[in-house]
1. Find me the longest stretch of the chain that has none of the exposed GluC sites (Glu not before Pro), where exposed means in a DSSP loop (not H, G, I, E or B) with at most 15 other Cβ atoms within 10 Å.
2. Please report the antiparallel percentage of the DSSP beta bridges confined to the range 4-185, to the nearest 5.
3. Within the range 93-206, what percent of beta bridges assigned by DSSP are antiparallel, to the nearest 5?
4. Starting from the Cα of residue 50, draw a straight line to each of the aspartates and glutamates and keep only those under 16 Å, dropping any in the same chain fewer than 8 residues away.
5. Quick one: compute a quarter of the convex hull surface over the Cα atoms of the chain and quote it in nm².
6. Given 25 °C and 0.890 mPa s, compute D for the range 93-184 with the Stokes-Einstein relation, Rh being the Kirkwood radius over Cα pairs; round to the nearest whole µm²/s.
7. Going by Cα centres, the range 33-98 and the range 129-199 are how many Å apart?
8. Using r as the Cβ-Cβ distance of residue 183 and residue 46, and R0 as 35 Å, what FRET efficiency do you calculate, to the nearest 0.05?
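Where a number appears in this text, it was derived from the coordinates with a stated rule and is not lab data. Computed from a predicted structure; not experimentally measured. As a convention, Cβ positions derive from the backbone with ideal geometry for all residues, glycine included, and neighbour counts pool all protein chains shown.
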Amino acid sequence: MDSREEIEEKIRTGQPFRPIDDWSMYEDMMAAAEKCYAMNKLKPSQWDEKLAAMHDLIGSIGESLTIFLPFNALLGFNITIGDGATFNFGTTVLDMSPVVFGNNVMVGPNCSFFAGNHALHPDERREMICTSSAISIGDDVWIGGHCVVTGGVSIGAGSVIGAGSVVTKDVPPMSLAAGNPCRVIRGLGPQDRLLTASGQGEDGTS
C-alpha cells in the first residue's frame, strides 16, 4: 500500500498507481463531489455565489471567468484556469493530474477532460490500477461542443477543435483539428478572419 506522497510521486512520474491505497485521496474526491453538487444547484441568477463556489473548488482561477453550470471536477485543486475563460454547460474535468486552461479559452457544451486512465488489462482494473498525465490547453483555444481530451494532450495556443472530437494527441498552435481520433485539418491564419482588416465585413458592413 502506497502513502499519499508515494501516490502523488507516481502520478508526477507517469507510473501506475492505486488511488485507493490512501484513504485521503478518496476523501478529497468526495469533498470535490460535495462542492460540485452544492454549486450545481445554484440558480443561473446567483452569479456571485457561483463564482465563489468555483474559487473554492478550483486550484487557481484568473479574472473574468464565465461559467455555465453544471461543472464537475474529480479533485478541483489540480485545475488552473487563466483570465477570460468561458465554460459552457456540462464541463467535466477528471484532474488526477494537473489540467491547465490558458487565457481566453472557450470550452463548448458537454466537454470532458480526462487526465486519469484505467489499466487496459481487466486483472489490473479490478485492482484499481490507474495512470494519469497532465493536460494543457493553450491561450485562445476554442474547443467545440461534445469533445473529449485525454491525458497527456497539449493543445497549442489559438487552435480550434471541432465539435465531437476525441483528442488523444497533441495539436500544434493555430491549427484547425477535428475527428475521432482528432487530426489536424489545416493551419489557421489571416484568411480565417470574419472581418476584413478595416474591421468591416466583405459587404462593407461593420
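1. 128-201
2. 15
3. 25
4. Once the sequence-local aspartates and glutamates are set aside, what remains near residue 50 is 34, 63.
5. That works out to 13.3 nm².
6. For the chosen part, D equals 186 µm²/s.
7. Computed from Cα coordinates, the inter-centre distance equals 21 Å.
8. Rounded to the nearest 0.05, the efficiency is 0.30.
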